[in-house]
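Let me begin by presenting the structure, written as structure tokens, before commenting on it.
The values are calculated or read from the model by the stated rules, or taken from the named source; none is laboratory data. Everything numeric in this text was worked out from a predicted model, so none of it was measured. Backbone-built Cβ (ideal geometry, glycine too); neighbour counts: all protein chains shown.
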Amino acid sequence: MRWRRGRRSTNIEDRRGTRAPRGLLGGGIGTIVLILAALYFGIDPTPLLEGMQSANVSASATGSRPTQEDLQNDPLADMISVVVADTEDVWTEIFAAQGRRYKEPSLVLFSGSTRSACGMGQAAMGPFYCPADQNAYIDLSFYDDMRTRYRAPGDFAQAYVIAHEVGHHVQNLLGISGEVHRMKQRVGKAEANQLSVRLELQADCFAGVWANRADRARGILEAGDVDEALNAASAIGDDRLQKQSRGTVVPESFTHGTSAQRQRWFRTGLQDGNPDSCDTFNARTL
């Protein structure tokens with residue numbers, strides 16, 4: 001991916017090396033156990049995160065905004081800063097065309113665990129977006145897991161992960177996430193899981209929209225980049241992850257979509273760069 005000449009975002013907060021305040025870990029551990037259990041049993045953990053009180057954010061560990069020199073000495077953080085800047089440019093343009101104002105999220109880098117307005121975030125959860133504080137969070141060790149555990153290496157695969165989380169931010173700004181959460185409270189478990197799948201696949205499609213428009217604006221794509229993203233999407237499909245962890249696949253417990261579905265919706269957004277093409281909620285087939 002051609003990223004080095006791109007603009008760097010100022011919406012990066014670096015909490016790596018910052019520990020969560022003492023006295024907060026007890027409640028945080030309970031949250032983590034619930035979330036990990038939900039993930040293990042195929043339950044969508046989003047309601048657990050969204051249900052946390054935003055008051056907890058006042059006790060959050062805080063970090064610093066990396067300087068240009070900091071980023072130059074940290075190539076991975078530098079690349080991510082460019083990706084975030086590209087998402088800012090793309091979604092600002094899209095929102096403006098619709099007569100809306102795009103509110104930029106912050107990306108929080110952390111190590112091990114950190115506080116968010118949605119409760120305690122931990123590396124084991126993987127990257128996540130918190131609608132209560134409108135921040136995305138990532139422990140960069142996740143990229144080591146992508147390379148070794150999921151066999152999905154490459155800088156564009158890493159960029160896809162960031163663009164997907166920003167996709168959740170877009171859903172939050174548009175009111176989609178809130179409406180889905182309300183709908184999930186009125187249906188059974190299987191139906192709620194299906195709504196989660198559609199939400200996640202739309203975020204994949206929005207990631208494809210970013211890739212299309214960023215490439216048109218700056219020519220970021222190199223040979224093999226799209227394959228990297230598609231491989232990453234396949235590696236974290238529900239069917240593949242369940243097969244690896246349990247040996248069996250339980251479709252009614254899916255919360256993110258199959259490998260084929262995640263690839264299909266990323267490619268849908270990538271093809272024309274039109275977010276209107278990402279209406280997974282009215283799609284007859286996923």
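State yes or no: is residue 242 surrounded by fewer than 22 Cβ atoms within 10 Å (Cβ to Cβ) and among the polar types (S, T, N, Q)?
yes
Residue-by-condition table, conditions (1) over 15 Å from the mean Cα position of the chain (by Cα); (2) at pLDDT below 95; (3) crowded, with 18+ Cβ neighbours inside 10 Å:
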{"position": "105", "(1), (2), (3)": "no, no, yes"}
{"position": "128", "(1), (2), (3)": "no, no, yes"}
{"position": "133", "(1), (2), (3)": "no, no, yes"}
{"position": "159", "(1), (2), (3)": "no, no, yes"}
{"position": "166", "(1), (2), (3)": "no, no, yes"}
{"position": "175", "(1), (2), (3)": "yes, no, no"}
{"position": "183", "(1), (2), (3)": "yes, no, no"}
{"position": "192", "(1), (2), (3)": "yes, no, yes"}
{"position": "196", "(1), (2), (3)": "no, no, yes"}
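Residues of the stretch 232-249 being under 16 Å from the mean Cα position of the chain (by Cα) and part of a helix (DSSP H, G or I), which ones?
232, 233, 234, 235, 238
Could you tell me whether the stretch 172-191 includes any residue that is within 17 Å of residue 269 (Cβ to Cβ), in contact with a Phe, Trp or Tyr (Cβ under 6 Å, 6 or more places away or on another chain) and not β-branched (Val, Ile, Thr)?
So far as the stretch 172-191 goes, no, none of its residues is within 17 Å of residue 269 (Cβ to Cβ), in contact with a Phe, Trp or Tyr (Cβ under 6 Å, 6 or more places away or on another chain) and not β-branched (Val, Ile, Thr).
Name the pairs whose Cβ atoms lie under 8 Å apart, with the first residue in the stretch 259-283 and part of a helix (DSSP H, G or I), the second of a type in the set (Lys, Arg), and 6 or more positions between them or separate chains?
These pairs meet every condition: 259/240.
Go through the stretch 64-106 residue by residue and tally those that are closer than 28 Å to residue 144 by Cα, polar (S, T, N, Q) and assigned to a helix (DSSP H, G or I).
Total meeting the criteria: 4.
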